[in-house]
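**Q** Following this message is one structure expressed as structure tokens.
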Amino acid sequence: MPATILIGAQWGDEGKGRIADWLARDCDAMARYAGGDNAGHTVQIGAQKFQLHLVPSGVVHPGVTCILGSGMVINPIRLVRELDMLAAAGVDISPERIHLSTRAHVITPAHLELDGAEESARKGQAIGTTRRGIGPAYRDKAARTGLLTGEMADPDRFSTRVQAHIQRANPLLSDYYGQEPITTADLALEYGEAAQRLAPYLADIVTCVHDVLERGERLLCEGAQGTLLDLDHGHYPYVTSSSATAGGALTGLGFGPRHVDRVVGVAKAYCTRVGSGPFPTEQDNEIGLRLREVGGEYGTTTGRPRRCGWLDGVALRYAVRVNGLTELIITKLDVLSGFDVLHLATAYDLDGERVAQMPVSTAQIERAVPVYETLPGWQTDISDVRRLEDLPEPARHYIARIEALAGVPVRLISVGPEREQAVVC
Ligand code: IMP
């Protein structure tokens, strides 16, 4: 069986973890392909709630093989902590089922400090990063000065390499950013210990992925962040430093497009964004506050309140194009219950012209004014609805307008946080 790629169709936080968990029922292996612990994927099973930052969401399903791909950046300390959390909850974390690429990159303490120092130095122009060292780690990767996860196979040498990495960064931190230099001894030791724990998980991911595909099993590639945060296709510099779009799955895991038969985009029924950067449909008012409170819109990784706004059909169409989405999953439709009317952006007004496609430059998107279609809301609680025909008519109409704007079908709608609170279309 071929591969499915699961993508965030907005600015991240679309509820991919929960959907990955739902799709895990039909897959044999699940792989993260990009990003690091800047991601926060929540999976709720009954009373148990898992917040995963690095390990694929499929880990809570006993039969699913989990792969951490080469396109990722890994903080070894955080990965060990996450594995310990899973083990304490009774999840099988054996190296027979969890594989960490030898070719991912390591986030060192220097990357963490630099991320913070660079953000502080940007002052009013801060990107609003998660301060998890993501940008500096990918920068080292591109400059060919990074540390590969494969180096953890020799923990003592790895510890020395981390120490050397910190020592190289210290003058930049202290002389340029005016920060205290990092003291290396304890940290390097801690990294060495983490390497000892993680070494058994190291694997040749290309072989793992192709073994899965050649056995005729289904691989689910779990995207992190979202299309509009993609390094190439988001609004630079207000992006993350990895390929969050469908192409990233291929490069991050090492397989070709002929294996992919589904590209599933996950979008909230409205929009949210954390961090700075353009957000045309943002509602910095009572509507935004209501979406945040009802939707519980606070970052999984940083706890930051998310910016909230109406659904952006232009952004959605862009996500369909950039990723080649074959279908959409709409999450949190229940959060919109109780609004008298809903607004859905169908185009932008840009410098006196009406545009239907995403403007290419960040300056343009900052000037874009959404053109809204107004739709009737619904007043009933929909969290117990399980069939499309049982949704109130305005809710079905809202979904139909999304399908028409996106040009792809909506296959699933989530109406609450529990695994079963979903409507299959
Ligand atoms: P970084 O990935 O920590 O460098 O942050 C860059 C931008 O991406 C910031 O605006 C972050 O808020 C945003 N970002 C990174 N990861 C996520 C995520 O998982 N969900 C939503 N936003 C994210």
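**Q** Label points 7 Å out from Cα along the Cβ direction at Gln364 and Met85: separation in nm?
**A** 4.0 nm
**Q** I would also like to ask the following. Going by how many other Cβ atoms sit within 10 Å of their own, how do Lys123, Lys49, Lys141, Lys332 line up, fewest first?
**A** Fewest to most other Cβ atoms nearby, the residues stand as Lys123, Lys49, Lys141, Lys332.
**Q** Relative contact order (percent) for the chain, with alpha-carbon contacts under 8 angstrom and 6 or more residues of separation?
**A** The value is 20 percent.
**Q** Another question, then. At 0.36 nm per residue, and after removing the present C-alpha to C-alpha distance, how many nm does the segment from Leu388 to Glu190 gain when stretched out fully?
**A** Full extension from Leu388 to Glu190 adds 66.1 nm.
**Q** Arranged by the count of other C-beta atoms within 10 angstrom, fewest first, what order do Cys308, Cys425 take?
**A** Going from sparsest to densest Cβ surroundings: Cys425, Cys308.
**Q** Sequence neighbours fewer than 8 away in the same chain don't count; with that in mind, list the lysines whose C-alpha is under 23 Å from Lys268.
**A** Lys268 reaches Lys16, Lys49, Lys332.
**Q** Just for the Cα atoms in the range 267-424, what are the lengths along the principal axes, largest first, rounded to whole Å?
**A** Cα spread of the range 267-424 along its principal axes, largest to smallest: 44, 34, 30 Å.
**Q** Classify the range 105-198: rounded, prolate or oblate, from the alpha-carbon gyration tensor (a ≥ b ≥ c, eigenvalue square roots; a/c under 1.5 rounded; otherwise prolate if a/b is larger than b/c)?
**A** prolate
**Q** Taking θ as phi - 60°, what are the ³J(HN,Hα) couplings along the range 248-260 by the Karplus curve (6.51, -1.76, 1.60), each to the nearest whole Hz, with x for Gly and Pro?
**A** x, 5, 6, 6, x, 10, x, 9, x, x, 5, 7, 9
**Q** With the chain treated as a Gaussian network of Cα nodes joined by springs under 10 Å, which of Met72, Met358, Met152 yields the largest mean-square fluctuation?
**A** Met358
**Q** Quote the FRET efficiency, to the nearest 0.05, computed for Arg25 versus Gln167 with a Förster distance R0 of 51 Å and r equal to the Cβ-Cβ distance.
**A** Calculated value: 0.60.
**Q** Hey, another quick one. Where both partners of a DSSP beta bridge lie in the range 267-424, what percent of those bridges are antiparallel, to the nearest 5?
**A** 70 percent
**Q** Arrange Cys27, Cys221 by Cβ neighbour counts within 10 Å, fewest through most, would you?
**A** Placing the least packed residue first, the sequence is Cys27, Cys221.
Bear in mind that the values in this text are calculations on the coordinates, not laboratory data. Everything numeric in this text was worked out from a predicted model, so none of it was measured. Heads up, the Cβs are rebuilt from the backbone with ideal geometry, glycines too, and the neighbour counts pull from every protein chain shown.
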